[in-house]
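Peer 1: Sending over a structure as structure tokens; questions will come in a sec.
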Amino acid sequence: MTEIPEHLLNRSKARRAAASGESTGDATPAVAAAATPAAAAPAKAAPQPKAIIPDPPYVAAAKKRGRIPFWAMAGLALLPLWGFMYMMAMEPAVKVVEGPTTAGAAVFSGCAGCHGADGAGGAGQVLYQGNVLKTFPHIEDMLNFVYNGSQRFVAAGLAVYGDPNREGGPHKPLGYNGNPMPMQGEKAGGGLTEAQILAAVCHIRYDLSGADPKSEQWGTEYTAWCSPDSEIYKALEAGSTSFDTIAKDFAASPAKPIAIGTAPRPGTTK
Ligand code: HEC
């Protein structure tokens, strides 16, 4: 807070009075005040030093200091950008964790209407409790059947799909309730990519049907086809392999893939 010193107020009053040509009778005190600032000043000087008493150092420091340093403002303004970059940096880590089974759960939402969200069956075959593992001891046969669907098996003259020696009897196309399993693969007239079909099949085998990724029986298959770092899944996603070439492209894999193909073919036994 700054107060205007009294003598300055008086002087301005006097000047204003002089300028407006006030009566000479009144002029005397105004002129006196204006003409003798030095005389008035000593008398009024007494309160003045009080106003100039220096602030204690901590108050002076506080007054000198700006509210927010200018460089901090720049930092604050860039915070949202930093947050965005942080999120972008985190993204790859999230992607690494997401493997075919995670992607497959999303694809399977298109199958769940017939097969049930948990694979318990309905309009479509029962998939859970090891059922598909009995029908398809080899994942390649399951990929081929889902790619083509029942009607293409019938059209190809195949009486059975999956393992012909299936425990509990082999599955016949249109043998469940007379309804067909619709074709899913692109060349068969369906709408899923080969990577999406593998993802859905991984979800069915490992999340719904009970194959244990750590078991001796399924460990090799899981690592090669369905684990988050499955080379086959990555290659299908990238388009560098296909159901038609996988057996050749991954001949060196410990899983030794058998040919899947995009046309209906007889299934294999254990
Ligand atoms: C319109 C209903 C319907 C939809 C949608 C459907 N299915 Fe099917 N699915 C069936 C029927 C019906 C069968 C039995 C086929 C038969 O008897 O020929 C079947 C059979 C299967 C089988 C064979 C199981 C066995 O052990 O015999 C698998 C695997 C399968 N479906 C996976 C899928 C996947 C994966 C999807 C989604 C991408 C899907 N289905 C979408 C109706 C459906």
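The values are calculated or read from the model by the stated rules, or taken from the named source; none is laboratory data. No experiment lies behind these values; they were computed from the predicted model shown. Every residue, glycine as well, gets a Cβ built from its backbone with ideal geometry; the counts of neighbours run over all protein chains shown.
Peer 1: Give me a count of the residues in region 173-190 that are among the polar types (S, T, N, Q), under 30 Å from residue 239 (Cα atoms) and more than 6 Å from the ligand (Cβ to nearest atom).
Peer 2: Looking only at that region, the number is 0.
Peer 1: If you take the residues in region 105-127 that are assigned to a helix (DSSP H, G or I) and touching a helix residue (DSSP H, G or I) at 6+ places or on another chain (Cβ under 9 Å), which one is surrounded by the fewest Cβ atoms within 10 Å (Cβ to Cβ)?
Peer 2: 106
Peer 1: Counting only residues that are within 11 Å of the ligand (Cβ to nearest atom), of a type in the set (D, E, K, R) and farther than 25 Å from residue 193 by Cβ, how many does region 143-172 have?
Peer 2: Of the residues in that region, 3 qualify.
Peer 1: Residues in region 176-201 that are small (Gly, Ala, Ser), touching a residue at least 12 places away in the same chain (Cβ under 8 Å) and within 18 Å of residue 122 (Cβ to Cβ): how many?
Peer 2: 1
Peer 1: Only one of 179, 148 is more than 19 Å from residue 201 (Cα to Cα) and out of contact with any helix residue (DSSP H, G or I) (no Cβ under 7 Å at 6 or more places or on another chain); which?
Peer 2: Sole residue among the options that is more than 19 Å from residue 201 (Cα to Cα) and out of contact with any helix residue (DSSP H, G or I) (no Cβ under 7 Å at 6 or more places or on another chain): 179.
Peer 1: Go through region 175-270 and tell me which helices (runs of 4 or more DSSP H), entirely inside it, have 2 or more residues that are hydrophobic (A, V, I, L, M, F, W, C).
Peer 2: 194-202, 231-238, 246-249
Peer 1: Of the residues 207, 244, 212, only one is within 13 Å of the ligand (Cβ to nearest atom) and modelled with pLDDT of 95 or more; which?
Peer 2: Testing whether each residue is within 13 Å of the ligand (Cβ to nearest atom) and modelled with pLDDT of 95 or more leaves just 207.
Peer 1: Considering (1) more than 16 Å from the chain's Cα centre (by Cα); (2) surrounded by 11 or more Cβ atoms within 10 Å (Cβ to Cβ); (3) in a helix (DSSP H, G or I), say which one residue 102 fails and leave the rest.
Peer 2: The number of the failed condition is (1).
Peer 1: Are there any pairs, at least 6 apart or on different chains, whose C-beta atoms fall under 7 Å, with the first in region 255-266 and assigned by TED's automatic domain parsing to the domain that holds residue 147 and under 12 Å from residue 154 (Cα atoms) and the second surrounded by fewer than 16 Cβ atoms within 10 Å (Cβ to Cβ) and of a type in the set (Gly, Ala, Ser), and if so, which?
Peer 2: Note: no pairs meet the criteria.
Peer 1: For region 128-142, enumerate the residues that are within 6 Å of the ligand (Cβ to nearest atom) and crowded, with 22+ Cβ neighbours inside 10 Å.
Peer 2: Within region 128-142, 132, 135, 142 meet the criteria.
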